[in-house]
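Only one structure is covered here, and it is reproduced in the block below.
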C-alpha cells in the first residue's frame, strides 16, 4: 500500500478530535485566514488556487481557481458563494463526514473562497436529510462567529463574511449547480439553461461561485502549505492533491479513504477497502458515483485521476466507488440505477422526462423476463436520444448504467430475453400489449 | 397560525435572505414540524408572508420529497433502496420491517405510529443497509438492531443506536 499523509481527514483520524473550534485552533485552524485577510490581494489567492491545480471535487472536476476567475472584475453589487453540500450522487458519502467531523476546516475554506471572490454572504446548501450535519454546522458557525472568524470586520481586517446554512428538501437534481441556485431561491430545483453561467448570473442573478464541500476543505491547506506543495501530490499536472474515495458494495471494509489521486482502483479496493467480502471475484465497479459508466476487472489497474478514468470510458466523478461481486446480475444493477434516475428526473427536458420513464419500463420488463429482442434496440435508441440533448448533465448520467452494461455484459440482456421469448412460445396468452 | 406561535423564528429565517422567496423551504419545514405535514392553510399563510401566490408555494412544495403534503406516521421510516444499499440487503431490511410492523412501503401502521417508505440514496452507502427515521440515521443494520430500534421508539420515542457525527471506518478501526 502506498503510504501517504492524509490532508482532509488528518484531524478527525485522531481519536480525541471532536471538531470543536478549540480542537481546530489547536491543530492550526484559522491560521490561513490570518495569513490572507487584509494581507494578500484577493486575486493572488485565486492565483494560488490556480497554481495548486485544485479541481472541483463534486463531480465535474472543473479547475477551482479558473471558476473563480470567471467572475466579473468590475462588478460593484453583491456576489455570493454557495457551498454545494447536497451530496446526492449515489455511492458518495464523503462530504457528510467532512461536515460532521471537522466543520471548521470547511468553514475556513469558505472564508478563503469568499475573500478571493469578494463575497460577503455565503450559503451552505446541505441536503435536507443531513439534519445532524446541518445542526453541527450551525453550531460551528455560531462558535466561529463568537470568536470573530465570521461576521463583520473579521480579525480587524475589514473583511465581512456571513455564512448561513440552508437545508434542501430531498431532490437529487439540486446537486446540479444551477438547480441548487433555483432551489435556494425557493423554487423547484430545475437546472437553468446555460449560458449565462452562475459566474455572471447566479444566485439572485448576481455573480456566484458554487463549490463542493471537499473542494473548499482543501483551501486552508493550500494557503498554509503553499500551492507548490499541493501541486506535487497526486497525479500532476492535471489531477493534483488527494481525493476522499467512498467505497461501497461487496468489499470487506467499505468506507471513506483519502488517497493521492493516481493510485489504482486495485490498490483502493484490495488494499484500503480490504478486498472482496467473500471469495467471489470482482465482476464490475462504478468508478465515480451512479452517473459514471460501469467498468470491468480489466480496468482495475487504471489510475484514479480525471484523465485516466476518462480514457477508460468512464469518469472519476464524485469519487463514489461501488464494487459488485461475481453473481450480481448487471441488468438488475442497471435497472436499480435506472429506477433512481427515473425517480429523480426533474421533468424540465422532454428527452430526459419521457425517456427515463420509457427506459425504466423497458428495463423492468427485461428483468421480469418479459422482454423481447427488439427491446435492446429500443434501449440503445432511447439512450442516444437522451444523452447530450438536455439542459444539464443528468441526461448523460442516466444512460450511463444501461449503455455501459449493454457494452460489457450484453449477453446477460440477451439471455433474459431469450428466456422470455422461449416462455412466450409455450404461453402466447402471456404476451401483453406494449407501447 | 404559524405566525402567532413562531414569530421570532420566522423573523430570524427571513433575516438570512436578501430575497424573501428563499425563505420558502425553511418556512415549509417549520409548518411541517408544527403539524407533522404541510396543510393547505399553512401554505396560504406562508404565501402571504412571502408575498407569493399560493400556487407559487404549492409548485415548490410538490417538488421536494421531504415535504409531506399528507399526514405520515409519528415515526417515518425511510429505507434506502438505491443500488449501493440493494447490493447488501435493503430488500431484506424492508422484509424485516414488514414482518415486524405489518406494513409495506407507502403504508402506515393502523396505530398511526409508523410509516414505511422505500427511498432513493441517502448518502450512507458505506454503512449500508441503512434507514432514516425522522431526523436520525440508523446504519449497518441487522435484524437484531431493527428489533431494538422499533421497540425503543415505541417505548421511549428515541433510540441510542442512531448515528452520531459520521465517520467510517472509525479512527479506532484504522489503527
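The values are calculated or read from the model by the stated rules, or taken from the named source; none is laboratory data. What you are looking at is a predicted structure, and each value in this text was computed from that prediction instead of being measured. Cβ placement follows ideal geometry from the backbone for every residue including glycine, while neighbour counts extend to all protein chains displayed.
What to note about this one:
- Residue A:109, sole failed condition from (1) in contact with a helix residue (DSSP H, G or I) (Cβ under 8 Å, 6 or more places away or on another chain); (2) within 13 Å of chain B (Cβ to nearest Cβ); (3) part of a helix (DSSP H, G or I): (2)
This table checks each residue for (1) in contact with a helix residue (DSSP H, G or I) (Cβ under 9 Å, 6 or more places away or on another chain); (2) surrounded by fewer than 24 Cβ atoms within 10 Å (Cβ to Cβ); (3) closer than 29 Å to residue A:70 by Cβ; (4) touching a residue at least 40 places away in the same chain (Cβ under 8 Å).
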{"residue": "A:119", "(1), (2), (3), (4)": "yes, no, yes, yes"}
{"residue": "A:131", "(1), (2), (3), (4)": "no, yes, no, no"}
{"residue": "A:143", "(1), (2), (3), (4)": "yes, yes, no, yes"}
{"residue": "A:153", "(1), (2), (3), (4)": "no, yes, yes, no"}
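- Take the conditions (1) closer than 26 Å to residue A:403 by Cβ; (2) touching a residue at least 60 places away in the same chain (Cβ under 8 Å); (3) more than 14 Å from every other protein chain (Cβ to nearest Cβ); residue A:237 misses just one of them, which is (1).
- Any hit, the stretch A:268-281, residues being at pLDDT 95 or above, buried (at least 21 other Cβ atoms within 10 Å of the Cβ), touching a helix residue (DSSP H, G or I) at 6+ places or on another chain (Cβ under 9 Å) and assigned to a helix (DSSP H, G or I): no
- Test: residue in the stretch A:317-328 that is more than 19 Å from the chain's Cα centre (by Cα) and outside any loop (DSSP other than H, G, I, E, B): yes
- Residue among A:75, A:125 that is touching a residue at least 12 places away in the same chain (Cβ under 8 Å), touching a strand residue (DSSP E or B) at 6+ places or on another chain (Cβ under 7 Å) and not in a helix (DSSP H, G or I): A:125
- The stretch A:259-282, subset within 11 Å of another protein chain (Cβ to nearest Cβ) and on the phi < 0 side of the Ramachandran plot, residue farthest from the chain's Cα centre (by Cα): A:277
- Looking only at the stretch A:361-375, and only at residues there that are part of a helix (DSSP H, G or I) and in contact with a helix residue (DSSP H, G or I) (Cβ under 6 Å, 6 or more places away or on another chain), the one that is surrounded by the most Cβ atoms within 10 Å (Cβ to Cβ): A:363
- Residue B:87 within 14 Å of chain A (Cβ to nearest Cβ), in contact with a strand residue (DSSP E or B) (Cβ under 7 Å, 6 or more places away or on another chain) and closer than 28 Å to residue B:147 by Cα: yes
- Lone qualifier among A:256, A:211 - being closer than 30 Å to residue B:84 by Cα and within 14 Å of chain B (Cβ to nearest Cβ): A:256
- So residue A:347, is it more than 11 Å from chain B (Cβ to nearest Cβ) and at positive phi: no
- Restricted to the stretch B:6-23, and to residues there that are closer than 12 Å to residue A:166 by Cβ and assigned to a helix (DSSP H, G or I), the residue that is nearest to the other protein chains (Cβ to nearest Cβ) is B:22.
- Scope the stretch A:150-175; condition in contact with a strand residue (DSSP E or B) (Cβ under 9 Å, 6 or more places away or on another chain) and more than 11 Å from every other protein chain (Cβ to nearest Cβ); matching residues: A:150, A:151, A:152, A:154, A:160, A:161
- Among the residues of the stretch B:119-171, those that are in contact (Cβ under 8 Å) with a residue 40 or more places away in the chain, in contact with a strand residue (DSSP E or B) (Cβ under 7 Å, 6 or more places away or on another chain) and either not assigned by TED's automatic domain parsing to the domain that holds residue B:80 or not in a loop (DSSP other than H, G, I, E, B) (or both) comprise B:119, B:125, B:126, B:131, B:132, B:133, B:153, B:168.
- Residue within the stretch A:389-405 that is free of Cβ contacts under 8 Å to residues at least 40 places away in the same chain and under 30 Å from residue A:298 (Cα atoms) present: no
- Against the list (1) surrounded by fewer than 22 Cβ atoms within 10 Å (Cβ to Cβ); (2) within 13 Å of another protein chain (Cβ to nearest Cβ); (3) over 23 Å from residue A:140 (Cα atoms), the condition residue A:201 fails is (2).
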